[in-house]
Every structure is written in C-alpha cells, then in structure tokens.
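Asks: This is the structure I want to talk about, given as structure tokens.
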Amino acid sequence: LTSHPFQMALYFCTGVLKDETLFRHYALNVPFYTHFTSPIRRYADIIVHRLLSASLGASSPIKMEKEAIQRQADHCNDRKMASKRVQELSADLFFAIFVRVR
C-alpha cells in the first residue's frame, strides 16, 4: 500500500525526448538515471545492456533507429502495465474468495 501511490517507472529512448528533465529519477533526486537487471530476465534489460555497452564503446552500435527503440520501450511499458493490472485483479479475486469462504 505504501508504494502504490508512486509513479510507475517507464522505459523510453532518450533520443526521442527533447526535455532532459524527464531523464531524472524523482525519488533519488538524480538528473540522469537508468535502471536494468540481469539481461536474462527481461527483453528491455537486454536492450539497455546493449545500448550502454555501445555507448561506452565496448561493443558495436545497435542497428536500430531511435524510433524503433522507442516503439520497443512503449511495447514493454504496455506489457508491464498489463501484467501489473492482472496481478492486482488476481489479488482482489483471491481476497474476495477468502472473505466469502470465511
């Protein structure tokens, strides 16, 4: 319940945003922020790893236009929001069943 009011993190391609203030992390109060987990976990994390590696010169550049990267980010955001909604509805359903049985 305490984390519910926080805005959900969204994936985006920095190349399509003109306003750098949108890159900041509100809770950590840092102007530039990226987050990722193990690239075996989520496709979005694979993209972030590849983009960071290319930007640091550790690998060749990704052959994707920034608009294509943004479409992938939008798709990942949509799937993440749908998953969160299903999780919430599932919890509500099981709580309702619990209350009904009791």
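Asks: Among what's in the range 32-50 and is in a loop (DSSP other than H, G, I, E, B), closer than 25 Å to Glu20 by Cα and of a type outside the set (Ser, Thr, Tyr), pick the residue that is most open to solvent (accessible area, probe 1.4 Å).
Replies: Looking at the filtered set, the residue picked out is Phe32.
Asks: Residue by residue through the range 51-64, note down the ones that are out of contact with any helix residue (DSSP H, G or I) (no Cβ under 9 Å at 6 or more places or on another chain) and within 22 Å of Asp19 (Cβ to Cβ).
Replies: Leu52, Ser55
Asks: Could you give me the residue pairs with C-beta distances under 6 Å whose first residue belongs to the range 62-88 and is free of Cβ contacts under 8 Å to residues at least 60 places away in the same chain, whose second residue is of a type in the set (Val, Ile, Thr) wherever it lies, and which are 6+ apart or on separate chains?
Replies: As it stands, the answer is Lys66/Val16; Gln70/Val16, since those pairs meet every condition given.
Asks: Just need a number here: residues in the range 64-102 that are open to solvent by 70 Å² or more (accessible area, probe 1.4 Å) and outside any helix (DSSP H, G or I).
Replies: Count: 2.
Asks: Can you report the number of residues in the range 17-31 which are outside any loop (DSSP other than H, G, I, E, B) and loosely packed, with under 12 Cβ neighbours inside 10 Å?
Replies: Adding up the residues that qualify gives 4.
Asks: Output the number of residues of the range 51-63 satisfying the condition of being closer than 13 Å to Tyr11 by Cβ and not in a helix (DSSP H, G or I).
Replies: Of the residues in that region, 0 qualify.
Asks: Can you tell me which of (1) part of a helix (DSSP H, G or I); (2) of a type in the set (A, V, I, L, M); (3) touching a residue at least 60 places away in the same chain (Cβ under 8 Å); (4) open to solvent by less than 70 Å² (accessible area, probe 1.4 Å) is the one Met8 doesn't meet?
Replies: So Met8 meets the others, but not (1).
The values are calculated or read from the model by the stated rules, or taken from the named source; none is laboratory data. Quantities reported herein were computed from a predicted structural model and do not represent experimental measurements. So basically every Cβ, Gly included, is an ideal-geometry build from the backbone, and we count neighbours across all protein chains shown. Areas reflect the complete protein model, heavy atoms only, side chains present, ligands, DNA and RNA absent. Shrake-Rupley method; radii C 1.70, N 1.55, O 1.52, S 1.80 Å.
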